[in-house]
Amino acid sequence: MIDETRIRQIMREEIAGYMNQKQFENSKIPVHRHDGNDTVQINENDLIPTDNYTASLVMGNAGSEVFTISKIPNFNLMTFYGVATNGAYGGGPYNEKALITGEARVGKLYEINTANGTDFYSNGVPDANNYYQICTATYTNITDLTKQYVHASKLGFAQVWDGTSNVITASITNITNTSIEITVTVTASWYIQGFLFLS
């Protein structure tokens, strides 16, 4: 029985042999992208599942801290599920609390203009970053029921707005081929805890 590693090795050897033999001739295999235009698109279900990674994110000191996560090969997606409270972790009950959901993806981002009319369109120009991130949060102050807010942001994968300011922000601030840099900022007495899933 041949394992996956051996199959990959055989494929590499066959391709290298073909390329060496035909290096001075026109290739019988035309350039193609599997994008649906020049060849059939690849069905996502046919792809080999990617490895997944998880990490916890905990911060409770006022100020900013930078975390660097290394050795995530071909990183392209991160999801975040977390909570935030105005009070020390493990205590409670908390008067101010928030639920947070966020995501970050690697790749070109084309924004679609939904501000005018009913015809939504992309300007065809990608944003400058090679990654983008979004989040939603629900904030509640149980001592003042007029202070309940929902918030959506594209400035981070986690952000909480208390009606006056952002009391917590967590965002990717840099991505390289070998690492992901995350900056977390919390205001006095706030605490964030959650889980990252990376693939």
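Here, each number is a calculation from the coordinates, and none is a lab measurement. Predicted model, so just to flag it, every value in this text is computed and none were measured. Positions of Cβ are generated from backbone atoms using ideal geometry, with glycine treated the same way; all protein chains shown enter the neighbour counts.
Between Y149, Y110, Y94, which gets the highest mean-square fluctuation from a Gaussian network model of the chain, Cα cutoff 10 Å? Residue with maximal mean-square fluctuation among Y149, Y110, Y94: Y110.
The candidate values are (i) 8, 32, 32, 20, 6, 1, 0; (ii) 7, 24, 26, 20, 12, 7, 3, 0; (iii) 7, 15, 9, 6, 7, 7, 6, 7, 9, 8, 7, 8, 4, 0; the one derived from this structure for P(r) over Cα pairs in 10 Å bins from 0, in percent carries the label (ii).
Taken over the chain, lysine pairs spaced eight or more positions apart, or on distinct chains, with alpha carbons under 25 Å apart number 4. Structure remark: mean-square fluctuation, Gaussian network model of the chain, C-alpha springs under 10 Å; the largest value among V186, V167, V40 belongs to V40.
The calculated FRET efficiency for I69 paired with N113, based on their beta-carbon distance and R0 = 35 Å, is about 0.55.
Report the charge-dipole magnitude of the chain in Debye, nearest 20, computed about the Cα centre from +1 at each Lys and Arg Cβ and -1 at each Asp and Glu Cβ. Walk me through the intermediate numbers first.
On the way: 12 positive and 19 negative charges, 42 e Å.
With Lys and Arg at +1 and Asp and Glu at -1, about 200 debye.
Projecting label points 7 angstrom from Cα along Cα→Cβ for Q41 and T136 puts them 2.5 nm apart. Just to confirm the number: angle between the C-alpha axis of helix 4-21 and the first principal axis of the chain, 0 to 90 degrees, nearest 10? With rounding to tens, the tilt is 50 degrees.
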